[in-house]
Structure formats: C-alpha cells, structure tokens
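Student: Got a structure for you, written out below as structure tokens; questions coming shortly.
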Amino acid sequence: MGDDPDAEVWDEIGREALAMRVVAAADAVEEAAQPLAHSLHTGGDLTTREVQELQAAVDELTQLTTHLEALSDAP
C-alpha cells in the first residue's frame, strides 16, 4: 500500500471484518456439529436438516478460508 494511509486503514478494517466472519463461521460449525455429535454418541437419529446445516456452515468456513489463502498470497 505504501503512501496511502487511508488505503491502509481500509485494508485493516477489511481484514478485521474477515477475521470476525471467520470466527463466526467457526462458531457456526461447532454449533451445527453439536446435535449431530450428540445423536452419534447416544445412538439417536441423524436428521437431514442437521446434516445440511452442518454442511452449510462448513461451506461458509471453507469459502472464508479461500479468501484468507488469497490474502496470504497478496504482497
């Protein structure tokens, strides 16, 4: 970025926003996994809805991870 302090500020804001989204997505994966883990542990039924919710949360985290990888390759 170099000479543009405004650009550096906006870059930092963007990185912080992405970091918050990553944390939220990881929390969503954990939250979605809990009912499935409980069902597996107790021998209960797994519901399609619970599996789909976990898959959606994992997909969101995967997408954010792709953004992080792109940032890590940036100059």
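Student: Quickly run through segment 25-41 and pick out the residues that are among the polar types (S, T, N, Q) and modelled with pLDDT of 95 or more.
Tutor: Gln34
Student: Quick test of your reading of the structure: Leu18 fulfils all but one of (1) surrounded by 13 or more Cβ atoms within 10 Å (Cβ to Cβ); (2) at pLDDT 95 or above. Name the failing condition by number.
Tutor: The failed condition is (2).
Student: Among what's in segment 42-75 and is among the small types (Gly, Ala, Ser) and closer than 30 Å to Asp11 by Cβ, pick the residue that is modelled with the lowest pLDDT. Explain how you work it out, then say what you get.
Tutor: First pass over segment 42-75, keeping only residues among the small types (Gly, Ala, Ser): 43-44, 56-57, 70, 72, 74.
Narrowing further to those that are closer than 30 Å to Asp11 by Cβ: 56-57, 70, 72, 74.
Details: Ala56: 97, Ala57: 97, Ala70: 85, Ser72: 80, Ala74: 64.
That would be Ala74.
Student: Still on this structure: His67 is checked against (1) within 21 Å of Val23 (Cα to Cα); (2) without any contact (Cβ under 8 Å) to a residue 12 or more places away in the chain; (3) not hydrophobic (A, V, I, L, M, F, W, C) and fails just one. What number does that condition carry?
Tutor: Tallying (1) within 21 Å of Val23 (Cα to Cα); (2) without any contact (Cβ under 8 Å) to a residue 12 or more places away in the chain; (3) not hydrophobic (A, V, I, L, M, F, W, C), His67 fails exactly one: (2).
Student: Picking from Thr47, Thr66, which residue would you name as being surrounded by fewer than 11 Cβ atoms within 10 Å (Cβ to Cβ) and of a type in the set (S, T, N, Q)? Let's see the steps before the verdict.
Tutor: Numbers: Thr47 fails: surrounded by fewer than 11 Cβ atoms within 10 Å (Cβ to Cβ).
Every option except Thr66 fails the conditions.
The values are calculated or read from the model by the stated rules, or taken from the named source; none is laboratory data. Computed from a predicted model, the values in this text were never measured in an experiment. As a convention, Cβ positions derive from the backbone with ideal geometry for all residues, glycine included, and neighbour counts pool all protein chains shown.
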